[in-house]
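Report on one structure; see the data block that follows.
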């Protein structure tokens, strides 16, 4: 096998996704560029930890371990990083499956020593079998997927998207791990942006670092029926506004909202125009998509405003954990 050894970290938290977890692991084991190891990090759920341990006890390349930090996705990822052995650590959502060449495309980009992170393209798999007519592609990030407005091919980006991403191990040496207090935490409001904050920290620590998206590195992400409804859309968009306020507090609004300015001033107006055009042409969902974009912008702005006020009033802080474990040094 040529290219770097890659450890894959899959953070899991509920037995409700049992079949999804098995499918995710199977897709990693079938990679054309074999993973060095697959790490299943269980987030404070002992029955799930025990069940997965029994499931994979005969598979040396799959390791099951408990989140060693506080409840939440960031601490789970940090746990995986700390015990991993690969030169590169990749992250896959627990309800996604990777195409066969996913890791091969990641590995190829790390031939350039300046590359510190590589993300891929995430396609939605809708529970209903098709995209809801009202759901705008510009907001596919709401369901953890690649959204309209991101350029295709291999492109330099400010940040990768956490459910389909990889980092060179030395990135965590330079910038520390994922910050706790930003991203998802069990059943609480669906916050995000932990990978955005990390990537901005990384480029500050390593100014010549390259962060890329290679849209050939594809995963397919299951979107449950609950998330196909406008109520979830609104909740997730509002939570993103709250999260962006925390990121801006950490790294400054100039960098924390750099990509969002282009998105809101160019990508979203174009989406509204397409929706209105489709409505005029009597195409299904056009008016709904235009309305959802406008509602999404206003809701996210409201979350950001409230999050900014709360952060200032409460002195909200969060911690970027140093990564200290056996890992490649063990």
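State the antiparallel share, in %, of DSSP beta bridges confined to the chain, rounding to the nearest 5. Percentage antiparallel, nearest 5: 40. Rounded to the nearest 10 degrees, the angle from helix 286-314 to the longest Cα principal axis of the chain is 60 degrees.
If you plug the beta carbon distance of residue 282 and residue 306 into 1/(1 + (r/R0)^6) with R0 = 51 Å, you get a FRET efficiency near 0.85.
When the Gaussian network model of the chain links Cα atoms closer than 10 Å, the mean-square fluctuations of 87, 138, 260 top out at 260. Note: relative contact order over the chain, using C-alpha pairs below 8 Å and six or more positions apart, is 21 percent.
Against the chain, whose longest principal axis comes from its Cα atoms, helix 268-280 is set at around 50 degrees. Principal-axis analysis of the Cα atoms of the chain puts helix 73-83 at an angle of about 20° to the longest axis. If you average the sequence gap of Cα pairs under 8 Å that are 6 or more apart and divide by the length of segment 1-137, what percent do you get for the contact order? Relative contact order here is 34 percent.
Percent relative contact order of segment 2-65, based on C-alpha pairs within less than 8 angstrom and at least six residues apart?
Details: 76 pairs, mean separation 24.1, N = 64.
Relative contact order, segment 2-65: 38 percent.
Separation of segment 4-32 and segment 69-117, taken as the distance between their Cα centroids, equals 11 angstrom. Given axes a ≥ b ≥ c from the Cα gyration tensor, I'd like to know whether segment 203-249 is rounded (a/c under 1.5), prolate (a/b larger than b/c) or oblate. Oblate is the answer for segment 203-249, as a/c is 1.5 or above yet b/c matches or exceeds a/b.
Ranked by the mean number of other Cβ atoms within 10 Å of their residues, highest first, the peptides 230-236, 219-225 fall in the order 219-225, 230-236.
Where a number appears in this text, it was derived from the coordinates with a stated rule and is not lab data. Since the structure is predicted, the reported quantities are computational estimates derived from the model, not experimental observations. Please note: Cβ atoms are built from the backbone with ideal geometry, for glycine as well, and neighbour counts cover all protein chains shown.
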